[in-house]
1. Considering only the chain, what is the antiparallel percent among its DSSP beta bridges, to the nearest 5?
2. Can you show me the helix-derived [θ] at 222 nm for the chain, built from DSSP H runs with n ≥ 4 at -39,500 (n - 2.57) apiece and divided by the number of residues, rounded to the nearest 500.
3. How high is the relative contact order of the chain, in percent, with contacts defined as C-alpha pairs under 8 Å that are six or more residues apart?
4. Between Thr159, Thr224, Thr237, where does the largest GNM mean-square fluctuation fall for the chain, given springs only between Cα atoms within less than 10 Å?
5. Beyond 27 Å, what percent of the Cα pairs of region 1-141 remain?
6. Label region 103-242 by shape, choosing from rounded, prolate and oblate, from the square roots a ≥ b ≥ c of the eigenvalues of the Cα gyration tensor; if a/c is under 1.5 it is rounded, and otherwise prolate applies when a/b is larger than b/c, oblate when it is not.
7. For the pair Arg71 and Val132, how long in nm is the line joining their label points, each one 7 Å along Cα→Cβ?
8. Of Thr262, Tyr8, Leu345, which is farthest towards the positive pole of the chain's charge dipole, taken about the Cα centre with +1 and -1 on the beta-carbons of Lys, Arg and Asp, Glu respectively?
Amino acid sequence: MLGNNTSYDYLIVGAGFAGAVLAERLAAGLNKKILLIDRRPHIGGNAYDCLDEAGILIHKYGPHIFHTNSRRIVDYLSRFTKWRKYEHKVLAQVDNLLVPMPINLTTLNKIYGLKMNSDEAQVFLDSKAEPVEKVLTSADVVISKIGTDLYEKFFRGYTRKQWGMDPSELDKTVTSRVPTRTTEDDRYFTDEFQCMPLDGYTKMFEKMLDHPNITIMLDIDFNTVKDKIKYSKLVFTGPIDEYFNYKYGKLPYRSLKFIHKTVNTKTYQPVAVVNYPSEDVEYTRITEYKYLTGQSHPLTSLTWEYPSSVGDPFYPIPKAENYELYKKYELLAEETPDVIFIGRLGSYRYYNMDQVVGQALAAYNRIATEKHGLDCPMPQHQEDQYVCSKAAI
């Protein structure tokens, strides 16, 4: 294919959410000819799921739980999938107990052997909180709200394993993502829309990319083919520093190693994910996928996650100096015509899946309005909508 004279309107690098959504929108919305490539042998990016040897649907790169408060994003994705209702619940192993995480009323009562109500729990937490003059780090966030003891039990060890550094070294946004509750609400997320693609993420991506204007090439690296492909514009969803050949040095990332196992039991743990905050345990969490997918099977498959400093880039490390380094690359990007940098790696941001979809849709809207003068670039969909709301699906 690379040797022919085919010319594309857009070459899109990366077949995860950012690249796939833009490919679909440009192809279907603007009738553009798209070549979508990925260095991995599959579409879907980190959300890729597949059947393992036992026939159980697993997430190859760890659990991906869809949640959002944006009906627009749900309506868009609902064109390519039906949904199953799923509200994510996580337990943490602390002091030889399995307790809800994020910390809630049940957590506090179990850990401290108390029988508090919500009002009493708030008074209890207020008594534990330690004033911090200026909240700057992830440690500051937690200690200022719930004190050192709970910080040590639930956050310090987990964060040190996950990020390879102490919470006192990380931006406050890391632990700000995890609330503390004085109710018995044991859901990990509180978004209005919480659901999973009924047939899995990969099936959703396949339908999204099933368009005559989209050509897909997998197991191929951008640097090896960029001079062999004719295209007008580029969408780059890989690491922005890699695109510029690390001109200012590498942006720091954390990676993950996954150990997938199938065990001869119907269920292994009481919820989909159990966290292990203690540094005495090398892994951070164990995921059991049948809770996510609703699949019925006599066996069960799980994934153990081990954070790592080497491997594929998963998480931009949130530190001020890293953002400053990214800003240098961002300036280069602004000076690079006909190239769009997007997604978690292209933007060096710790985005959730819905945020990446929203970013890609916004990028499409800009292209459609600025380049083509369209007032309503997003079509009105007449298909049945399968909205993953609080009502049963």
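Every number in this text was worked out from the coordinates using simple rules, so none of it is lab data. Predicted model only: the values in this text are computed from it and were never measured. Every residue, glycine among them, receives a Cβ derived from its backbone with ideal geometry; neighbour counts consider all protein chains shown.
1. Numbers: 33 of 54 bridges.
Counting only bridges with both partners in the chain, antiparallel ones make up about 60 percent.
2. After summing the helix terms and dividing by residue count, I get -8000 deg cm²/dmol.
3. On the way: 767 pairs, mean separation 105.2, N = 393.
Value for the chain: 27 percent.
4. Highest fluctuation of the listed residues: Thr224.
5. Values: 5239 of 9870 pairs.
For region 1-141, the share of Cα pairs beyond 27 Å comes to 53 percent.
6. Working: a/c = 3.80, a/b = 2.04, b/c = 1.86.
Prolate is the answer for region 103-242, as a/c is 1.5 or above and a/b outweighs b/c.
7. 3.7
8. The residue sitting farthest along the positive end of the dipole is Tyr8.
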